[in-house]
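A.B. asks: Let me give you the structure first, and then I'll get to my questions.
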């Protein structure tokens, strides 16, 4: 038999020794690598489904968003593919890093916004523009209408799960038995028995959002006949006016969605309450705006106790219908409200400090 060269055997022997000595090191390295991979997986945020239904937040704003600091805190707890934001501000106003501290607001303004006047149909026209824009995204399933003075009462996940648990829209609505705001000129299209009133702040399902955008008949009636009336300062004191019937003072945003849904037979598909809390007081605010108006929460009013008192509400009473709405979502008892208004920027800063202190206390 032919012998192999001495050098070949020696090299083979050395390779075998190196492999035996290096094997434990390789094993240790693989174990460490596996541990690093497992740790990265555990520490990484859970993967969210990019096709998950989204929440569409529709903001009616004047220009700057005074509570952007709170909304930044709210949205940063979510993922971008769980929500979309749409803002109706005055024409020509844009949201940039220079004028908002909420990164989710940047460049989210509508390009086709209009000049909105309180108490006119331009208010509901702006709402319809927001809904129409949000409907372009097929993943948007719930549509929130909020004002620039609204604050969230809970974190994003709670809000998401709350509204997704219900297949209904949340539209504050009650039968308006008064003739004060119903204009007889609308009767050919809108029967008096379908006349409704309530808060303009809603949460709509996609089906109901589409119904609002598709409407032209009811909106046209409101545009033509539902108008605010500014009474003269001496209306009550002037003897010549005492015998004159007070003209109809119709505020479109308090009636439009509610009346439309009554006309379309959609009331049974709604929770007839709003998810946005307002504290109301009866007082004279401006000429032509006498009556009940939402209270503004300033710095001194914005305490954790005030927020908790709103969170504790479990029912809403509608005296005109002798009806109590016990707040539920998906068949379960729930707090009545997810948002609240009207809060000033100073109030927002105080609440953010209180929330931060509270969260630090929980973490310690």
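A.B. asks: Please specify each residue of region 76-92 satisfying the condition of being modelled with pLDDT under 95 and closer than 24 Å to residue 349 by Cβ.
C.D. replies: Hits for region 76-92 are 76, 77, 78.
A.B. asks: With respect to residue 151, determine if the residue is modelled with pLDDT of 95 or more and either within 23 Å of residue 307 (Cβ to Cβ) or out of contact with any strand residue (DSSP E or B) (no Cβ under 7 Å at 6 or more places or on another chain) (or both).
C.D. replies: yes
A.B. asks: Do you know which residues across region 251-268 are in contact with a helix residue (DSSP H, G or I) (Cβ under 7 Å, 6 or more places away or on another chain) and either buried (at least 24 other Cβ atoms within 10 Å of the Cβ) or assigned to a helix (DSSP H, G or I) (or both)?
C.D. replies: Result: 252, 253, 256, 257, 259, 260, 261, 262, 263, 264, 267.
A.B. asks: Here's a follow-up. Quick one: in region 185-229, of everything that is outside any helix (DSSP H, G or I) and more than 28 Å from the chain's Cα centre (by Cα), which residue is surrounded by the most Cβ atoms within 10 Å (Cβ to Cβ)?
C.D. replies: The qualifying residue surrounded by the most Cβ atoms within 10 Å (Cβ to Cβ) is 190.
A.B. asks: Tell me the residue from 193, 127, 120, 187 that is at pLDDT 95 or above and at negative phi, please.
C.D. replies: Within the list 193, 127, 120, 187, the selection yields 127.
A.B. asks: Tell me, which residue of region 282-309 that is under 17 Å from residue 251 (Cβ atoms) and not in a loop (DSSP other than H, G, I, E, B) is modelled with the highest pLDDT?
C.D. replies: Here the residue is 294.
A.B. asks: Also, I was wondering about something else. Hey, among 338, 313, 352, which residue is in contact (Cβ under 8 Å) with a residue 24 or more places away in the chain, surrounded by fewer than 18 Cβ atoms within 10 Å (Cβ to Cβ) and touching a helix residue (DSSP H, G or I) at 6+ places or on another chain (Cβ under 6 Å)?
C.D. replies: The match here is 352.
A.B. asks: Among the residues of region 36-48, are any surrounded by 10 or more Cβ atoms within 10 Å (Cβ to Cβ) and either part of a loop (DSSP other than H, G, I, E, B) or modelled with pLDDT of 95 or more (or both)?
C.D. replies: Yes, because at least one residue in region 36-48 is surrounded by 10 or more Cβ atoms within 10 Å (Cβ to Cβ) and either part of a loop (DSSP other than H, G, I, E, B) or modelled with pLDDT of 95 or more (or both).
The values are calculated or read from the model by the stated rules, or taken from the named source; none is laboratory data. This structure is a prediction, so every number in the text was calculated from the model and none was measured. No Cβ is skipped: glycine too gets one built from the backbone with ideal geometry, and neighbour counts run over all protein chains shown.
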